[in-house]
Amino acid sequence: MAAQPRVLLTTPWPTRAVEAMREHFEVDIHDGPLPMPEAKWLDAVQEYDAIAPTVIDQIPAAAYHGAQNRTKILGNFGVGYNHIDMAAANAGGVVVSNTPGVLTDATADQAVGLMLAVARGISLGDWKIRAGQWKGWNPTDSLGTHVTGATLGIIGFGRIGQAMAKRCHFGFDMPVVFHNRSKIDPALAQALGAKQLDSMDDVLSAADFVSLHCPGGGGNRHLMNADRFKAMKPSAFLINTARGDIVDEAALVHALKSGELAGAGLDVFEDEPRVHPELPKLLNCVLNPHLGSATESTRTDMGLMVFRNLLAFFNGQPLPNAVTQ
Ligand code: DGY
């Protein structure tokens, strides 16, 4: 019997996805410090046919030298791949796959949750009770911002942006405006109660809530900067479940402190797991530790998707989710 391909997972995975992998591959799971140290990466690319990284991995340049290494494929556990140097992977002949689609709903749900939490004081209210600070109901206690009927601005109208539009338009009667690099079919936008505007600043100035759903890295780094915060209404909120580097965190802190912005709901940060030290001190923001796709079923589906891509690769078939960039 031919030896099974050797696969390394750089972090632990949900059990069912690991079991599926183990039916076809010899699987090891890195159980040391995270992210997986560079020295381990350098050994791993000589020992494994495939490596399955995640968003937290810092992949060394040598991992992309497909001709010299045993590792010919990186099966990314996640849809975002800004932590992978695609130019180097393409040049070095290393194939990359990702997990689009399976985390769309979970991430849009989380964005809605953050929007409600920050606008309606849900996490602050929870903290008040736990801290024994609740003195009882009164008509002016903990007043938040009305969400139903407010205008939602979406930056990046891919799968997750569209799922956010659907929830907010049909669930909360929100008019939705959006910015997207390419033109979206107006019929598709209309079916989601959404309208594409000419510029990003048009969206920022119209919206009561701005939700980010574009990829991180490259030209999107610090897309939301001091000037963009100034373009938003002072009563508006920023929601980010996409990537931390899209937001200039220092500029965001300034906008939240100075009253240029009403609040923010953040699931992702510029330099994870480090969070700008001022953010936890601000009561007008809600902070989550990168939970967008964090449901048991979603994370299992992500693992199974990595598995199907590796299986196709080792069977010489086209990858269902190859990253082609
Ligand atoms: C994704 O899939 O991109 C999530 O942010 C986890 O990496």
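What follows is calculated from the coordinates using simple rules that are stated; it is not laboratory data. This structure is a prediction, so every number in the text was calculated from the model and none was measured. Note: ideal-geometry Cβ built from the backbone for every residue, glycine included; neighbour counts use all protein chains shown.
Looking at the structure I just gave you, is Val147 assigned to a loop (DSSP other than H, G, I, E, B), within 16 Å of the ligand (Cβ to nearest atom) and among the aliphatic types (A, V, I, L, M)? Against the criterion (assigned to a loop (DSSP other than H, G, I, E, B), within 16 Å of the ligand (Cβ to nearest atom) and among the aliphatic types (A, V, I, L, M)), Val147 does not qualify. Scoring Asp198 on the criteria (1) free of Cβ contacts under 8 Å to residues at least 12 places away in the same chain; (2) touching a Cys at 6+ places or on another chain (Cβ under 9 Å); (3) not small (Gly, Ala, Ser) leaves a single failure, condition (2). The lone criterion from (1) in contact with an Asp or Glu (Cβ under 7 Å, 6 or more places away or on another chain); (2) within 16 Å of the ligand (Cβ to nearest atom) left unmet by Asp105 is number (1).
Taking the criterion of being crowded, with 18+ Cβ neighbours inside 10 Å and charged (D, E, K, R), the residues of region 284-307 that qualify are Arg299, Asp301.
Of the residues in region 176-193, how many are closer than 24 Å to His146 by Cα and either under 22 Å from the mean Cα position of the chain (by Cα) or charged (D, E, K, R) (or both)? Adding up the residues that qualify gives 5.
May I ask you to list the residues in region 242-274 that are closer than 28 Å to Asp57 by Cβ, more than 16 Å from the ligand (Cβ to nearest atom) and buried (at least 16 other Cβ atoms within 10 Å of the Cβ)? Selection gives Asp248, Glu249, Ala251, Leu252, Val253, Ala264. Within region 276-317, the set of residues being closer than 25 Å to Lys128 by Cβ and more than 16 Å from the ligand (Cβ to nearest atom) comprises His276, Pro277, Glu278, Leu279, Pro280, Lys281, Leu282, Leu283, Asn284, Cys285, Val286. Total residues in region 17-69 satisfying the condition of being touching a residue at least 40 places away in the same chain (Cβ under 8 Å) and exposed (fewer than 15 other Cβ atoms within 10 Å of the Cβ): the figure is 1. Among the residues of region 84-100, those identified as surrounded by fewer than 22 Cβ atoms within 10 Å (Cβ to Cβ) and either in contact with a Ser or Thr (Cβ under 8 Å, 6 or more places away or on another chain) or over 21 Å from Met21 (Cβ atoms) (or both) are Asp85, Met86, Ala87, Ala88, Ala89, Asn90, Ala91, Gly92, Gly93.
Apart from one condition, Leu143 fits all of (1) among the aliphatic types (A, V, I, L, M); (2) under 30 Å from His65 (Cα atoms); (3) surrounded by fewer than 17 Cβ atoms within 10 Å (Cβ to Cβ); the exception is (2). Helices (runs of 4 or more DSSP H) fully within region 6-92 that include at least 3 residues being within 16 Å of the ligand (Cβ to nearest atom): none found. Scanning for something part of a loop (DSSP other than H, G, I, E, B) and either in contact (Cβ under 8 Å) with a residue 40 or more places away in the chain or closer than 30 Å to Gly217 by Cα (or both), does region 123-142 turn up at least one residue? Looking through region 123-142, none of the residues is part of a loop (DSSP other than H, G, I, E, B) and either in contact (Cβ under 8 Å) with a residue 40 or more places away in the chain or closer than 30 Å to Gly217 by Cα (or both).
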